[in-house]
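S.K.: Sharing a structure here in structure tokens format.
The values are calculated or read from the model by the stated rules, or taken from the named source; none is laboratory data. Just so it is clear, the structure is predicted and the values come from calculations on it, not from any experiment. Note that each Cβ is placed from the backbone with ideal geometry, even for glycine, and that neighbours are counted across all protein chains shown. Side chains are part of the model used for accessible areas, which takes the heavy atoms of the whole protein and leaves out ligands, DNA and RNA. Shrake-Rupley method; radii C 1.70, N 1.55, O 1.52, S 1.80 Å.
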Amino acid sequence: MAEVRLLPAAAAQQPLIRRMVADYLDEMGLEAPIARGSVPLYWREAGRWPFLIRADEATVGFALVRRDAEGFVELAEFSVLPAHRNRGLGAAAARAVFARFPGRWRLKAVPGAARFWDRTLRAAGFAARDLGGGWRAFTVPGGGEEIMDTVADRLGELWFDPAQVFIGGVWRDVDAHLPLEDPSTGAGIGRIARGGAAEIDAAVRAARVALDGAWGRTTAAERGRILARIGQMVLARADDLAALEASDVGKPLKQAKADALALARYMEFYAGAADKVMGETIPYLEGYTVYTLREPHGVTGHIVPWNYPMQIIGRSVGAALAMGNACVLKPAEEACLTALAFARLAEAAGLPPGALNVVPGLGEEAGAALTAHPGVNHISFTGSVGVGRLVQVAAAENIVPVTLELGGKSPQVVFADADLDKALPFLVNAGIQNAGQTCSASSRILVERPLYDRVVARMAQRYAALKVGPARADLDVGPLISARQKEIVEGFLAMASGAEVVARGQIAGDAPAGGHYVAPTLMAGLSPDHRLAQDEIFGPAQVILPFEDEEEAVAIANGTDYGLVASIWSENGGRQMRLAKRLRAGQVFVNNYGAGGGVELPFGGTGKSGHGREKGFEALYGFSTLKTVAAHHG
């Protein structure tokens, strides 16, 4: 008998699935839930996962799988096509479906199929219980290993398979996997794909095929329409995406929801900008017409960190797609869920196969393969200085441009004339948001001497009221991403001997013991050159440093290797303008911090904070190359 395989149905196969489902429902005498020729959303709206049953390289049937309200995996619809039913493929196909999703199952046999299912379940060794009404319940061994049986129990219905990679419009199985952990509990909640060099190579090749095919022929206006549809779908699933991010990264739900809305906003912004990138005409010699064109780099690689997956996908992948590049996205192994969910939404929105490819995996395997691949034309990396250096070296071998965003030690400079009531929420929140795991976190608070004691006292009050707990409790601060990150942060805090620990937040008494929690810590009494005032901690910790005058403030603010973000708190307009020019940072905020995170604002740093700019219109220039055309016409 032919080998039977189960393959997830890609976007290009939707018409085939739609036709088979409608034919099946007609055959069963059931009312079709979708009209023939309508938009094929039936299986998505009902939470069904579509699969094709393949044998001898032919499609011989389909399966729609879902999870019901009681947590059972259910075979919602299943059929071998009439032309193949005499080949004995049904039982093998059913076993392939069961094997993909270990755990608790139930199914309802349609009239005439009861004997088939009883025979199939018996042959597979599943002890089925009769629930009445044609329903049977059984357990497929291995429950708890598949992510659908673990994350779905915690997060509700998933609409993608996190144990796969997405390449060339197809969800593919891989040979190896990585464990997935909930930072709030430290418990495993499933597994993700461990892609490697082979998957990266396939993804780069698929991206090149897309550029040479349908995606490369897509007009800027149509690219904008596709991005707009993606944005609408992100908005529609914002709560689901927030739940994924909260469990994957440990963010309080309100912060995770803000990230989902930011992702939608990036799609909206770049949708509108896609056909607004213009060339120029250049006055030149008589008989010449000279103009410039903005063209995509080609295949762009995107290595996205675990702290803000959705936001960085939005600002990086969104801009690259708007310019017509084909993307290979390697999300951090600690946080892949929303990257894969985004791919599924992009697929449903009509993004052509190969325009976006997602390969989870380890940095030293998939990440290294991506940065060194000769078929990649541009790399965007957000992460640590050490890894950023490796990325740049690898890309240099192929003479490939790189955008690096590597973190910072960002100061807020508070002068004696500052509006302290206005400043206080920014002074604290900018340091503890996402448990301090933010590249632009304000980990240094510089305060002019006359106001210093008041700022220390007021910030201490706020710190003492901070509550830390699991993501779903939606408190002020969630866990750190991993036990390793907790160890790093606690190692930094151990250096505070001799410093004054002004205040600490409180870890909730009912926070799970296995979660990676660190109490927010406010410190004073350190010199500006202390490691806690120089190094990026990447945890919920801030240092308050006094200064005497404007000159000393600038010297301390600029006195690190970083230069990402800075903020000035003063009512003196002249001082605001002077310091905005003198502070070494890619973004300077006056009487605010972050400006609400506007997607329109170019973002990037100087020094060891990296180079290049993302966000805003500027990112479109970074994800394109300039061509000059000089036409001599006599």
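S.K.: On a 0 to 90 degree scale, rounded to 10, what angle separates helix 573-582 from the longest Cα axis of the chain?
M.R.: Result, in degrees: 70.
S.K.: For TRP159 and GLU548, what is the calculated FRET efficiency with R₀ set at 56 Å and r taken between the beta-carbons, to the nearest 0.05?
M.R.: Efficiency, from the Cβ-Cβ distance: 0.45.
S.K.: Now for a different question. Calculated from DSSP H runs of 4 or more alone, at -39500 (n - 2.57) each and per residue, what is the 222 nm mean residue ellipticity of the chain, nearest 500?
M.R.: Rounded to the nearest 500, it is -10500 deg cm²/dmol.
S.K.: Which of rounded, prolate, oblate describes the chain, given a ≥ b ≥ c as roots of the alpha-carbon gyration tensor eigenvalues and a/c under 1.5 marking rounded, otherwise prolate only if a/b is larger than b/c?
M.R.: It is oblate, given that a/c is not under 1.5 and a/b is not larger than b/c.
S.K.: State the extension gain, in nm to one decimal, for the chain segment bounded by TYR288 and LEU81, taking 0.36 nm per residue of separation less the distance between their alpha-carbons.
M.R.: Difference between extended and current length: 68.0 nm.
S.K.: Restricting to the stretch 492-630, what percent of DSSP beta bridges are antiparallel, rounded to 5?
M.R.: Given both bridge residues lie in the stretch 492-630, the antiparallel proportion sits at roughly 50 percent.
S.K.: At R0 = 56 Å, how high is the FRET efficiency between ASP26 and ALA473 if r is their beta carbon distance? Nearest 0.05 is fine.
M.R.: So, using R0 = 56 Å, E works out to roughly 0.70.
S.K.: Want the number for ALA494 to LYS581: 0.36 nm per residue separation, take away the alpha-carbon distance, what's left?
M.R.: Taking ALA494 through LYS581 to full extension adds about 27.7 nm, to one decimal.
S.K.: Only bridges with both residues in the stretch 271-369 count here: give the DSSP antiparallel percent, nearest 5.
M.R.: Given both bridge residues lie in the stretch 271-369, the antiparallel proportion sits at roughly 20 percent.
S.K.: Moving on to the next point. So how much slack lies between LEU16 and THR606, counting 0.36 nm per residue of separation and subtracting their Cα-Cα distance, in nm?
M.R.: Gain in length upon complete extension: 207.2 nm.
S.K.: A further question follows. What is the angle, in °, between the Cα long axis of helix 197-212 and the longest principal axis of the Cα atoms in the chain? Nearest 10 is fine, range 0 to 90.
M.R.: Approximately 90 degrees, to the nearest ten.
S.K.: How large is the accessible surface per residue of the chain, computed with a 1.4 Å probe and reported in Å² as a whole number?
M.R.: Heavy-atom accessible area per residue stands at 39 Å².
S.K.: Run down the aspartates and glutamates and flag those whose C-alpha is under 18 Å from the C-alpha of LYS409, throwing out any fewer than 8 positions away in its chain.
M.R.: GLU490, ASP529, ASP535, GLU536, GLU552, ASP561
S.K.: Pop out the carbon and sulfur fraction of the accessible area of the chain as a percent, whole number, probe 1.4 Å.
M.R.: Carbon plus sulfur share of accessible area: 52 percent.
S.K.: Listed here are the pairs LYS276/LYS615; LYS422/LYS486; LYS251/LYS486; which of them are more than 20 Å apart at the Cα?
M.R.: The pairs that break the limit, which is 20 Å between Cα atoms, are LYS422/LYS486.
S.K.: For the chain, give the share of DSSP beta bridges that are antiparallel, in percent and rounded to the nearest 5; count only bridges with both residues there.
M.R.: 60
S.K.: Give the shape of the stretch 380-521 as rounded, prolate or oblate, defined through the alpha-carbon gyration tensor: a ≥ b ≥ c are the square roots of its eigenvalues, a/c under 1.5 means rounded, and otherwise the shape is prolate if a/b is larger than b/c and oblate if not.
M.R.: Note, shape of the stretch 380-521 comes out oblate.
S.K.: Once both axes come from the Cα atoms, what is the angle between helix 114-123 and the longest principal axis of the chain, in degrees from 0 to 90, rounded to 10?
M.R.: It is inclined by approximately 70 degrees.
S.K.: Now for a separate question. I want to check the label-to-label distance for LEU235 and ASP175. Put each point 7 Å from Cα in the C-beta direction and report it in nm to one decimal.
M.R.: Label-label distance for LEU235 and ASP175, simple model: 4.5 nm.
S.K.: With the Cα gyration tensor of the stretch 535-634 giving a ≥ b ≥ c as the square roots of its eigenvalues, does the rule (a/c under 1.5 for rounded; else a/b larger than b/c for prolate; else oblate) give rounded, prolate or oblate?
M.R.: Because a/c hits 1.5 or more and a/b exceeds b/c, the stretch 535-634 counts as prolate.
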